[in-house]
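To keep things clear, I will list the structure first and then write my remarks on it.
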Amino acid sequence: MGGGHRHFQVVWRCCASLPHRSRGVGAAPPPPKHPSDQFEREPMKRILVTGAAGQVGSELVPALRQRYGTDNVLATDIRPAEGALSEDGPFKLVDCTDRDALDLAVVDFASDTIYHLAAILSAVGEADPLKAYAVNLGGLANTLEVARTRDCAVFIPSSIAAFGPSTPPDPTPQDTIQRPTTMYGVTKVAGELLADYYSLRYGVDTRGVRYPGLISYLAPPGGGTTDYAVEIFYEAVREGRYTCFLEPDTQLDMMYMPDAVRASIEVMEADPSMLKHRNAFNIAAMQFTPDSLAQAIRRHVPGFIMEYQVDPLRQRIAESWPRRLDDTAAREEWGWAPEYDLEALVADMLVNLRKKLAPVGD
Ligand code: NAD
Ligand code: AKB
């Protein structure tokens, strides 16, 4: 005991420099202590990120480097990283299914925290379910074992995919039925349970959020069902038209990457004495359908044309996922609040993609 108080002071110093927000949780009585609170933990100082070259890592790594120091964040992936990720700070090739390699990287870097992003997403996972199982669950089991033996905290992202067709879809409660029908979803709900297990059984400081579909302009999405909500922006800027693989009225929970990155840092910095949950916090920012997203884009790209050619696999997956997450627990336990709604997302995406896709010399 005692680490919680020291951590609490650090948390408030850290959060003072975050871009927005009053945390608004100070008045609530503290929740019952979690068993892993008996284990002291220093604040994050040396962070290793797996799967860092993907859509999330490409933005989370720079944010972590800005916050904790460039040399204190080691980006790793099974494939070489492009641009800033490897040029601006340390990068190492690490396959998370190879426990010895991951262990060596953690020891060499003297990591105290792992952000475990490596994964195979929903649509790609359905094309090769056993690979998704091996990477998503095998890689997570390795990460948790390394964290246990090397005394690291771990951030573990889950997804709206951890829910299934029998889950209440709107709103989807924090604690509810989880019977997903994709291999990706199976690995995500099993991963949530495994994270809980390592926390309860061994006192590993595991924490995480359930990301909605994420939208960003820096790195392309990795082969998921929500990818349409990124592709549409590229095609709106390049061609003024997009052919969508989901039906026009398919509502999903979505979030802009800056909010997702901030949530991923805030949950790791949260005062542990305030947490009733550890892993898999529902977080939410906005909900839209392909049709309502197209209408919002049309306000900035007059004449934008949306057509539909539905992919039955991804449509079936989308229909099995929540339409809206209830994120009350995240709001109450660590002060979560999104900054971007649909209008702000669309405006920012278009400004940045127009710059990114402009012909050289413009
Ligand atoms: P992504 O597919 O863009 O990136 C995943 C990265 O993992 C890739 O760079 C890939 O090369 C790497 N990888 C694959 N196999 C590996 C292995 N064996 N060892 C090491 N690295 C390996 O995915 P993302 O969107 O960045 O997702 C990051 C995390 O967030 C994942 O856990 C994902 O399930 C979760 N998530 C993402 C979204 C989203 O919309 N992007 C939504 C919900 C949850
Ligand atoms: C996917 O569509 O697979 C991901 C996710 C919601 O987890 N974007």
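Quick note: the coordinates plus some simple rules give every number you see, no bench work behind them. Because the structure is a prediction, the values reported are computed rather than measured. Positions of Cβ are generated from backbone atoms using ideal geometry, with glycine treated the same way; all protein chains shown enter the neighbour counts.
With the Cα gyration tensor of the range 280-362 giving a ≥ b ≥ c as the square roots of its eigenvalues, does the rule (a/c under 1.5 for rounded; else a/b larger than b/c for prolate; else oblate) give rounded, prolate or oblate?
oblate
Could you order the peptides 244-250, 49-55 from most to least packed, using the average number of other C-beta atoms within 10 Å per residue?
My ranking of the peptides, most packed first, is 49-55, 244-250.
Given the Cα-Cα distance of Asp348 and Val310 and 0.36 nm per residue of separation, how much length would full extension add, in nm?
Computed gain between Asp348 and Val310 is 10.9 nm.
For Leu104 paired with Lys45, estimate the spin-label separation in nm (one decimal), with each label point 7 Å from Cα along the Cα-to-Cβ line.
Roughly 2.6 nm, to one decimal.
Could you run the Debye sum over the Cα atoms of the range 184-234, one equal point scatterer each and no solvent, and tell me log10 of I(q)/I(0) at q = 0.24, 0.26 Å⁻¹, two decimals?
-0.89, -0.96
Note down the Stokes-Einstein diffusion coefficient of the chain in µm²/s, whole number, using a Kirkwood radius over alpha carbon pairs, 25 °C, and 0.890 mPa s.
118 µm²/s
Within the range 168-274, which trypsin sites (Lys or Arg not before Pro) sit in a loop by DSSP and count at most 11 neighbouring Cβ atoms inside 10 Å?
none
Based on alpha-carbon centroids, what's the gap between the range 49-114 and the range 154-196 in Å, whole number please?
Centre-to-centre (Cα) distance: 26 Å.
For Glu87 paired with Glu339, estimate the spin-label separation in nm (one decimal), with each label point 7 Å from Cα along the Cα-to-Cβ line.
Between Glu87 and Glu339, the simple spin-label model gives 2.5 nm.
With charges only on Cβ, +1 for K and R and -1 for D and E, what is the dipole size of the chain about its Cα centre, in debye, rounded to 20?
For the chain, the charge dipole is close to 540 debye.
Would you please report the Å³ per residue occupied by the convex hull of the alpha carbon atoms in the range 142-274?
Value for the range 142-274: 139 Å³ per residue.
How would the range 76-179 be classified by its alpha-carbon gyration tensor: rounded, prolate or oblate, with rounded meaning a/c under 1.5 and the a/b versus b/c comparison settling the rest?
Prolate, because a/c is 1.5 or more and a/b exceeds b/c.
Net charge within 15 Å of Thr97 by Cβ-Cβ distance, Lys/Arg positive one each and Asp/Glu negative one each, not counting Thr97 itself?
Local charge sum for Thr97: -4.
Tell me what the chain gives for mean residue ellipticity at 222 nm when only DSSP H runs of n ≥ 4 count, each as -39,500 (n - 2.57), the sum divided by the residue total, rounded to 500 deg cm²/dmol.
Estimated from H runs of four or more residues: -12000 deg cm²/dmol.
Can you tell which of Gly69, Ala52, Gly83 lies farthest toward the positive end of the dipole of the range 44-84, using +1 and -1 charges on the Cβ of basic and acidic side chains (Lys, Arg; Asp, Glu)?
Going by the charge dipole, the pick is Gly69.
Pulled fully out, how much extra length does the chain show between His300 and Asp249, if you take 0.36 nm times their separation in residues and subtract their Cα-Cα distance?
Full extension of this stretch gives 16.3 nm more.
Give me the distance in nm between label points sitting 7 Å out from Cα along the Cα-to-Cβ direction at Leu200 and Arg150, one decimal.
It is 2.7 nm.
Among DSSP beta bridges lying fully in the chain, give the percent that are antiparallel, nearest 5.
10 percent
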